[in-house]
Amino acid sequence: MVSAESQIEFLQKIQTLFEDSSFSATYKYALLITLTNLAIELGNDKEKELTIPSNRIATRFSELYWPQIKEYSSGKNVGVLNQNNGTQAKIISILLDVQRATGLERFSDVTAHSIWTRKLNSIVSTIWQNPIFYLQEDENQFIYKYSNNKSLTLSKEAHLCLRKFSEYIIQYAKNGWMTHLKTNAKNQQILNSDSDLESFLFGASRDTLIQLRPLLMDYQDGRCFYCSRNISQNSKADVDHFIPWKKYSRNIAENLVLTCPSCNRSKSDMLAGIAHLENWMFNAATNVQRNNDIHHLGFLSDLECNKRIASWAYHNAAIANSNAWVMQKQYEPINQKYLILFE
């Protein structure tokens, strides 16, 4: 059994990694975010090791960097942000080559292109030679172990803790990533104190989500997903992440619903009540045509992945005795009734 003391020790070691100033690139942050997300998507709450294929790691690692190959502008100068204190990080160079060769803007389209399979080996080699090799000391491999570049295996402690403390680990990694970019002298001509850097690096693009309004309006018969009130075609309807963005920051077609602004603000970062969960599971997440249509607009679509994410989120909430949002100022405890839906 992974004791409470072991979990605290794991978090202390993670914090030490974040505070280690010997890393010259942002790779360690990307790797920790990647492994945390994959532990959620591929793992479970059983106390056992989890083996993750290198191609899965490389693809998710690249997905984090893809928005960052675009030029950033803060009203001063414009340019691609430097991810390394020396020459530009190799992952950025590889992804820029892919973008120039394909002319594609959306990562979901890139991974379906023939060039992607050719570039994956180079990306895997880059990750294995840098963050995976240097993140841990050989005598203290507390997160993972590996013998080649085909896969790595999370320890049972890491498997459990990455899932359990994901919000803390990912936000800490994002903050470290932003600090690294802000303190890099090569980025000083691009950034300023008012830069909304987090939205550029990790945010769900509001403009990207707005394009879903008409499609979701049709599928939801012009009604808010949560309160069922009519939403005017001209209103500022919101696209909401059913499993909140704060808990799992990725745009997946199955996870996106249209809401009125009032419900969106009220629900905020909470999980939704059981009636909403049933509606989502049986009418939104499993609507193949709906999610294919969203996918064709450039969003990732992965029903099984989204179900695992939802199961993880609600199981964690039940263990923590959390409440679910029902409607404005109304909440209910997340209990076994919720968890049965995932069996």
| said: Would you confirm whether or not segment 50-62 contains a residue that is over 21 Å from Asn121 (Cβ atoms) and in contact (Cβ under 8 Å) with a residue 12 or more places away in the chain? | reply: yes
| With respect to the numbered conditions (1) outside any helix (DSSP H, G or I); (2) touching a helix residue (DSSP H, G or I) at 6+ places or on another chain (Cβ under 8 Å); (3) over 29 Å from Ser166 (Cβ atoms), which one is the sole condition not fulfilled by Asn192? | (2)
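Taking only segment 98-114 into account, find how many residues are surrounded by 14 or more Cβ atoms within 10 Å (Cβ to Cβ) and closer than 20 Å to Ser54 by Cβ.
Residues meeting the conditions: 5.
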| note | Of (1) among the charged types (D, E, K, R); (2) farther than 17 Å from Tyr226 by Cβ; (3) touching a residue at least 60 places away in the same chain (Cβ under 8 Å), Glu278 satisfies every one except (2)
| Failed item, numbered, when Thr36 is tested on (1) in contact with a strand residue (DSSP E or B) (Cβ under 8 Å, 6 or more places away or on another chain); (2) closer than 25 Å to Ile252 by Cβ; (3) among the hydroxyl-bearing types (Ser, Thr, Tyr) | (1)
| request: Take segment 281-291 and flag every residue that is in a helix (DSSP H, G or I) and in contact (Cβ under 8 Å) with a residue 24 or more places away in the chain. | output: Met281, Ala284, Arg290, Asn291
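Yes/no per residue for (1) over 16 Å from Leu31 (Cβ atoms); (2) at pLDDT 95 or above:
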| position | (1), (2) |
| --- | --- |
| Ser147 | yes, no |
| Ser151 | no, yes |
| His159 | no, yes |
| Leu162 | no, yes |
| Tyr172 | no, no |
| Lys182 | yes, no |
| Lys186 | yes, no |
| Count of residues meeting criterion [in a strand (DSSP E or B) and buried (at least 16 other Cβ atoms within 10 Å of the Cβ)] in segment 298-326 | 4
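Does Met270 fit the bill of being in a loop (DSSP other than H, G, I, E, B), surrounded by 15 or more Cβ atoms within 10 Å (Cβ to Cβ) and in contact (Cβ under 8 Å) with a residue 24 or more places away in the chain? Show your work before the answer.
Details: in a loop (DSSP other than H, G, I, E, B): yes; surrounded by 15 or more Cβ atoms within 10 Å (Cβ to Cβ): yes; in contact (Cβ under 8 Å) with a residue 24 or more places away in the chain: yes.
Against the criterion (in a loop (DSSP other than H, G, I, E, B), surrounded by 15 or more Cβ atoms within 10 Å (Cβ to Cβ) and in contact (Cβ under 8 Å) with a residue 24 or more places away in the chain), Met270 qualifies.
Among the listed residues Phe225, Phe282, which satisfies the condition of being on the phi < 0 side of the Ramachandran plot, modelled with pLDDT of 90 or more and touching a His at 6+ places or on another chain (Cβ under 8 Å)?
Unique residue meeting the criteria: Phe225.
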| task | For segment 251-265, name all the residues that are under 18 Å from the mean Cα position of the chain (by Cα) and either surrounded by fewer than 22 Cβ atoms within 10 Å (Cβ to Cβ) or modelled with pLDDT under 90 (or both). | result | Asn251
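The values are calculated or read from the model by the stated rules, or taken from the named source; none is laboratory data. Here the structure is a predicted model, which means the values were calculated and not measured. Here Cβ is always computed from backbone atoms with ideal geometry, including for glycine, and neighbour counts include all displayed protein chains.
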